Structure formats: structure tokens, C-alpha cells
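What follows is a single structure, written as C-alpha cells, with notes after it.
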Amino acid sequence: MAVPEAVAGLAAIPGVRTAAQLQQPNSEAPATAGSLPVTPALAELLPGGGLWRGTTVSVLRSAALVLALLAEATRQGSWAAIVGMPDLGVAAAAELGVDLDRFALVAAPGAELVAVVSALIDPAGRPGGSVTGVRC
């Protein structure tokens with residue numbers, strides 16, 4: 001099978017988009033979807049200019065970039081949490097603009113990782129919450 005045919009086959013799967021389509025909002029996104037704001041310098045680098053609810057962004061080897069991605073959203077009233085980064089400093093988060101009143105850090109969740117992340121996703125237990133993940 002040729003590469004274009006393989007890509008077309010994958011892109012035919014509901015919810016799967018090609019790299020070229022990432023700039024386009026996902027028509028299958030839930031009604032609660034929307035974009036969380038990021039600083040203008042980072043907005044230029046992200047599809048749609050922000051962090052889309054219900055998606056995950058992967059950041060390699062840069063805790064500072066993770067915090068910078070979360071800063072504007074927390075300043076505008078969104079909540080953010082980081083789980084499993086024991087070397088991350090709350091002072092660094094504040095210096096990069098994260099609103100600490102809207103930030104939770106669970107440095108070492110241990111064997112309770114799933115329970116911790118589940119509790120952070122929707123602390124009120126409401127179904128259908130929309131979460132954006134930034135993975136480092």
C-alpha cells in the first residue's frame with residue numbers, strides 16, 4: 001500500500017485528522033469545546049491559536065513551556081493541574097504567569113495516578129467535562 005493510500009485510510013477514521021487539517025477546527029468536537037487562551041507568542045504556534053478543549057498537546061523536555069502554555073488560561077479564569085512532575089516548582093509557575101489560585105500540582109501521585117487525574121478532571125463529578133491536556 002502506498003503512503004497516500006495509507007494516510008487516506010487513516011484520515012477516513014472518525015476523529016482522525018491529517019497534519020494539514022490540524023489548523024481546521026474539528027467538526028466532531030463536543031458542543032462544550034472551545035479554545036483556551038495562550039500568550040500571543042505561543043498562539044502563533046498552535047492550531048487554532050490556543051489550547052483546544054478535549055485535546056492533548058505533548059511538550060518534550062520543557063517544564064517552562066508547559067507552564068507558559070497554562071499561564072494565560074489560568075489568568076483568565078480556567079483551572080490547570082500538573083500531575084507527576086516532582087521537580088516542578090510552584091515559584092517557577094508563578095514567575096511564568098500561572099495564577100496559583102487556579103493551579104493544582106500533584107508532584108508524585110504514586111500508584112494513585114488514575115484516581116488523582118480523574119478527580120482533577122471534574123472535581124464536582126459532573127459527566128461530560130471537557131479537559132485539555134498538556135503532556136510533558
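Starting from the amide H of Leu36, placed 1.01 Å from N in the peptide plane, find each other amide H under 5 Å away whose residue is 5 or more places distant or on another chain.
Amide H to amide H, under 5 Å and 5 or more residues apart or across chains, Leu36 pairs with Leu51, Trp52, Arg53.
Over all Cα pairs of the range 33-120, how is the pair count split among 10 Å bins, expressed in % and running from 0 up to the last occupied bin?
Calculated P(r), rounded to whole percents: 17, 50, 30, 3.
Efficiency by 1/(1 + (r/R0)^6): what FRET value for Thr56 and Leu100, r their Cβ-Cβ distance, R0 = 22 Å, to the nearest 0.05?
Values: r = 23 Å, r/R0 = 1.06.
E between Thr56 and Leu100, to the nearest 0.05, is 0.40.
Read the figures in this text as sums done on the coordinates, not as results from a lab. Since we're looking at a predicted model, the values are computed, not measured. Methodologically, a virtual Cβ is constructed for each residue, glycine included, from the backbone with ideal geometry; neighbour enumeration extends over all protein chains shown.
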